[in-house]
Structures are given as structure tokens and as C-alpha cells.
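Notes for the one structure printed next.
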Amino acid sequence: YPCPEQFHDWMRTVRDGLYHDLLNKAQNLLAADELQEAEQVFRQATEMRMRAGYRIEKDKSEDELESRFRQFRYEELNEEGLRNFEKEEFSNALYYFNKAYFLERGIILRPYPELPGFRQAAARQVMEAVLSDGRLKAWAYDFEGAVIALGQVKLMLSDYGFNESDTLSVQYFALDSYIHQNQCEKVF
């Protein structure tokens, strides 16, 4: 059975129509506060546009929807980070604050101005726990474990913007000195 000559034009028109219908459905679901369903329909539309086959031009409403979903995700990450921070689960809080921080690098409509401060406060608590663990390992002559803890803290000092006069930096250098001094004594 031979294909009609217009088959390719019809397929292109159908795919384009489905893409726009999915975007409209996502907008309607978003207006009805059905966030999860709206995001799922939005993902279907973007996957359809990116799939191989007949090219579909990106619609400007896709960018608008994407920025709104990114904003919702950003706010959820901040709220979860704050919830964990208040429960003093600092490593979990830092995880969510970092995800929000990296999402903030994209297009966020309303950034959270306190995020860097909360991120640094959570990092401080995590680093203090790691330094404490490193000191315990050094006192128990587990120098390999202590050096691993120092490596983690060293990376975090630069990542979270702590300067050399900060108490964490002072604790880091004191532990580093203690490890090197006691390792040498142990070797001798």
C-alpha cells in the first residue's frame, strides 16, 4: 500500500498539534493547582518535542512552564532544607540547600536571599562534626581516617567560603598539625 504524498506533512502537523495540546493541558492543570500532573504532562510534551522524527519548534509557553516548575522545585528544596535545619539534621539540610543553590543558577523567578547564609550555617555544623570525628580518629591513632576527614573539611572550606581566620579553618590547621606531628612520632 503506497503512502499518500501528504503523509509526512500530516505527521508533522499531528505531532505539532499534540505537542501544543499537551502544553495547554499542563497550563490548565497548573491553573487548577494539580502540580504533579501538570509537570508530568509537561515532561511528555518536552519529550515529544525532543524525540527523533518530525521536528517540532519549541513554543515560548514551554519556557514559561519550565521556569514555573523550576521555581516550585526550588521552593520545595528550600522548605525541606529549612525543615531539616530546624530539626538539627544538618547534613540533610545541607543536601537540600545545595540542590536549591545549584537550581538557583538557572532561571529562578524569586530567589531566596537567605539561602547562602543557611547553606553556610548548615555546612558549619557538618564540618564541625567531621572535625570532631577526625580528632577522635587521630587520638585513636587512626591517621588514615583522620586524613580523610581533613580532606572533606578542606574541600568544604573553599566550597562554602570560609576564610582562613574562621574558627573552622583554625580547627582544621590545628588538627592537620596534630596529625603530622603524631604520625612522625609514631614512625620514629
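Length available on full extension from Glu128 to His8: 0.36 nm per residue minus the Cα-Cα distance, which gives 36.8 nm.
The fraction of accessible area contributed by carbon and sulfur in segment 78-132 is 51 percent, rounded to a whole number (1.4 Å probe; ligands and nucleic acids excluded). Residue-normalised convex hull volume from the C-alpha trace of segment 55-188: 136 Å³ per residue.
The calculated FRET efficiency for Glu114 paired with Phe173, based on their beta-carbon distance and R0 = 22 Å, is about 0.15.
The lysine pair count for the chain, using Cα distances under 25 Å and pairs eight or more places apart or on different chains, is 7. Sorting Arg70, Arg43 on solvent-accessible area from highest to lowest, probe radius 1.4 Å, gives Arg43, Arg70. At a temperature of 4 °C and a viscosity of 1.567 mPa s, determine how fast segment 138-188 diffuses translationally according to Stokes-Einstein, using the Kirkwood radius over alpha-carbon pairs as Rh; express D in µm²/s, rounded to the nearest whole number. It comes out at roughly 113 µm²/s. Label separation (Lys154 vs Tyr141): 2.5 nm, computed from points 7 Å beyond Cα along the C-beta direction. Surface listing: Lys137, Lys58 arranged by accessible area from highest to lowest gives Lys58, Lys137, probe 1.4 Å. Accessible surface for segment 20-83, divided over its residues, is 63 Å² per residue with a 1.4 Å probe.
Between Met48 and Ala31, the contour length at 0.36 nm per residue exceeds the Cα-Cα span by 3.9 nm. Compared with the dominant Cα axis of the chain, that is its longest principal axis, helix 90-104 is turned about 40°. For helix 35-50, what angle does its Cα long axis make with the longest principal axis of the chain, in degrees from 0 to 90 and rounded to 10? With both axes taken from Cα atoms, the answer is about 70 degrees. Top mean-square fluctuation among Val14, Val147, Val130, Gaussian network model of the chain, C-alpha springs under 10 Å? Result for the chain, Cα springs under 10 Å: Val14 fluctuates most. Only protein heavy atoms count here; on that basis, with a 1.4 Å probe, Ser158 has an accessible area of about 90 Å². Taking the Cα centre of each part, how many Å lie between segment 145-159 and segment 9-79? Comparing the Cα centres of segment 145-159 and segment 9-79, I get a distance of 42 Å.
The values are calculated or read from the model by the stated rules, or taken from the named source; none is laboratory data. The structure presented is a predicted model; accordingly, all values stated were derived computationally and were not measured. Using ideal geometry, Cβ is built from the backbone for each residue, glycine included, and neighbour counts are taken over all protein chains shown. Heads up: the accessible areas ignore ligands, DNA and RNA and are worked out on the full protein's heavy atoms, side chains in. Shrake-Rupley method; radii C 1.70, N 1.55, O 1.52, S 1.80 Å.
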